Amino acid sequence: MRFSSLTGHAALKATLINNVREGRVAHAQLFLGPRGSGTLPLALAYARYLFCQQPGAADACGECPSCQQMDHLAHPDLNLAFPIFLGEKGKSCSPYLEQWREAVLDEPYLDDEVWRRELNGENKQLTIGVDIAQEVNRQLSLKAYRGGWKVMLIWLPEAMNLQAANKLLKVLEEPEERTVFLLVAHQAEHLLPTILSRVQLVKVPALTEADVLEELQVRFPDLGEAEARAIAIRSEGDVLEATTMAEKGEDELFLLFRDWLRACYARKVDLTSGHMEVFNKLGREKQKALMRYALYLMRQCVLQWQGAHPLVVVAGEERDFVEKFATLVNERNIPGIREELETAHYHLERNANPKVLFMDLSYRMMGLLRA
Ligand SMILES: [Zn+2]
């Protein structure tokens, strides 16, 4: 990961580089931003810049031995900690190191969901336990291999349990020379205040629509311009979400959702209806994507209903749908609809039976739409 290969965030990249060039490298930094915004690749590009033996004004050189090692995330002074399922191959990160590197090289915008899938445990709990914190301490006690910066990157510190957090607090309190902690997180509210108070915040905003569009065009060169643009709008700055949508085809989720909602309104969803079968065959990831998409489209309907038309971000057929459906929402059913979709997503994440869940959701929707 190099700064120049990452989409967007021009001002933030410049600030990060200038700080290094001016010798202002905070001992502990928290890269905090929403899913799909690029927190992890930015932190890795920053680490590469610190390690680079001939750093330029805008990026690492890309050619020195350090840069070559960073191409494989295998620089000896890049130490990594990340959440795992405790209790399988031991409790520390080292048995998973290769797998994690591969996952990140394959998808630098990696999130916990993708990582869980990599580890084959979609509904298990990812944790940074005390053994990992001990491993971190051990790595910190070693001298930098190359005699320059030593980086300790902790991915998803939200997953730290209390014991691990307390252990890490100590090292955050006592900075060692030329050692930098890079914490990469999505949810500050899940971090201990004592940790938050010891890190410098690097706030990573969501990407813009234009940034996501650019990334999509790199990832899917055959995707049509109009389709890519519609996905970029819908993704709300989340590269992972945009990628999922592009892989699935633009219209699929929309058509599914629209037809299902129409059937709900007409009270035509029952155990024998085709919607049940279609939903059941989607697979868990797609079922979840459908719920997220439904929530997105509901937000657009609410904005439309509230008369905030300039804020409605939809294109093509979605616009027709939003304009029509907005006449069916009101203050009595909006909170309920939103809650039902969020609850469905929550239960899908926890492996609920999709058939039962979808039937239940459909009945509730039928009631709410007629409220
Ligand atoms: Zn270099």
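Just so you know, all these numbers are worked out from the coordinates, no wet-lab data involved. Fair warning: this is a prediction, and the values are worked out from it, not measured in the lab. Every residue, glycine among them, receives a Cβ derived from its backbone with ideal geometry; neighbour counts consider all protein chains shown.
Numbers below:
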item	result
VAL356-ASN330 pseudo-label distance in nm [points 7 Å out on the Cα-to-Cβ vector]	3.4
Within the stretch 249-369: Cβ-based charge dipole about Cα centre, in debye rounded to nearest 20 (Lys, Arg +1; Asp, Glu -1)	260
Nearest 10 degrees, 0 to 90: helix 225-235 Cα axis against the chain principal axis	80
³J(HN,Hα) computed for each position of the stretch 39-49 - Karplus, 6.51 cos²θ - 1.76 cosθ + 1.60, integer Hz, glycine/proline x	4, 5, x, 5, 5, 5, 5, 5, 4, 4, 5
Qualifying lysines (Cα of each under 28 Å from Cα of LYS355; at least 8 residues distant if same chain)	LYS124, LYS248, LYS268, LYS281, LYS286, LYS288
Calculated [θ] (222 nm, deg cm²/dmol) that DSSP helices of n ≥ 4 give over the chain, each run adding -39,500 (n - 2.57)	-16000 deg cm²/dmol
Under Karplus coefficients 6.51, -1.76 and 1.60, residue-wise ³J(HN,Hα) of the stretch 242-247 in Hz, glycine/proline x	4, 5, 4, 5, 5, 5
Alpha-carbon centroids, the stretch 293-371 and the stretch 198-221: separation in whole Å	27
Dipole of the chain [Lys/Arg +1, Asp/Glu -1 at C-beta], most positive-end residue of LEU50, PRO221, ASN333	ASN333
Cα-based shape type of the stretch 3-203, given that a ≥ b ≥ c are square roots of the gyration tensor eigenvalues and the cut on a/c is 1.5	rounded
Angle in degrees between helix 10-21 and the longest Cα principal axis of the chain, rounded to the nearest 10	10
Ordering of 177-184, 159-166 by burial proxy (mean other Cβ atoms within 10 Å per residue, highest first)	177-184, 159-166
Label-point separation, GLU285 to HIS309 (7 Å along Cα→Cβ), nm	4.0
Residue list for the stretch 72-102, given a label point 7 angstrom along the Cα-to-Cβ vector of VAL25 and an amide N cut-off under 19 Å	72-81
Cα-based shape type of the chain, given that a ≥ b ≥ c are square roots of the gyration tensor eigenvalues and the cut on a/c is 1.5	prolate
Using a Förster distance of 30 Å, the FRET efficiency for GLN54-GLU118 (Cβ separation, nearest 0.05)	0.30
Sparsely packed trypsin sites (Lys or Arg not before Pro) within the stretch 311-349, loop by DSSP, other Cβ within 10 Å at most 13	ARG332
Per-residue HN-Hα couplings for the stretch 354-371 [Karplus 6.51, -1.76, 1.60; θ = phi - 60°; Hz; x = Gly/Pro]	x, 5, 4, 4, 6, 5, 4, 4, 4, 4, 5, 4, 4, x, 5, 5, 9, 5
Of all DSSP beta bridges in the chain, antiparallel share, percent nearest 5	10
